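Down below is the structure, laid out as structure tokens.
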Amino acid sequence: VQLQASGGGFVQSGGDLRLSCAASGSISGITGMGWYRQAPGKQRELVAFITRGGSTNYADSVKGRFTISRDNAMNTVYLQMNSLKPEDTAVYYCNSLRWDGLGSWGQGTQVTVSS
């Protein structure tokens, strides 16, 4: 599976951004897709994850502000980020998980939120 992320950028505190991640290759084997982020000097952390069946999971820090969604074919996953805060600044990575446990990562997209 190959993943192509897009949609990052620079926004002021309180602003919104939408990330997209397009999957290609053996997408029929994907059971879930998600977004992780890594801020400077910190470990990569889960932001949100969605299964093929539509179940979602969010980090506590983004609940109520971020929404993950996907198209029915699991070709593309989106992350709508509202009410952004400076602490959301990070490189955001798209991730996919296959039925056999094999994961893939996208190239990362920078999100910068100014105070």
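With a point put 7 Å past each Cα toward its Cβ, work out how far Gln4 is from Gln107 in nm, to one decimal. Rounded to a tenth, the inter-label distance reads 0.9 nm. Under a 5 Å amide H cut-off, with hydrogens placed 1.01 Å from N, Thr76 pairs with Ala23, Asp71 among residues at least 5 apart or on other chains. Residue-wise HN-Hα couplings along the range 49-64, as the Karplus relation 6.51 cos²θ - 1.76 cosθ + 1.60 with θ = phi - 60° gives them from phi, are 9, 9, 8, 4, x, x, 6, 10, 9, 10, 5, 4, 5, 10, 4, x Hz; Gly and Pro carry x. Counting only protein heavy atoms and a 1.4 Å probe, the range 1-79 has 51 square angstrom of accessible area per residue. Atom-type composition of the exposed protein surface of the chain places 47 percent of the accessible area on carbon and sulfur (1.4 angstrom probe). Each principal axis of the Cα cloud of the range 54-94 was taken in turn, and the coordinate range along them, longest first, works out to 34, 19, 14 Å. Under the convention that each Lys and Arg Cβ holds +1 and each Asp and Glu Cβ holds -1, the size of the dipole of the chain around its Cα centre is about 40 debye. Every Cα-Cα pair in the range 1-63 was counted, and those over 13 Å apart are 73% of them. Here the translational diffusion coefficient of the chain follows from Stokes-Einstein with Rh set to the Kirkwood radius across Cα pairs; for 4 °C and 1.567 mPa s it amounts to 93 µm²/s.
The values are calculated or read from the model by the stated rules, or taken from the named source; none is laboratory data. Because the structure is a prediction, the values reported are computed rather than measured. Neighbour counts run over all protein chains shown; Cβ positions are idealised from the backbone, glycine included. In case anyone asks, the SASA skips ligands and DNA or RNA and just uses the protein heavy atoms, side chains included. Shrake-Rupley method; radii C 1.70, N 1.55, O 1.52, S 1.80 Å.
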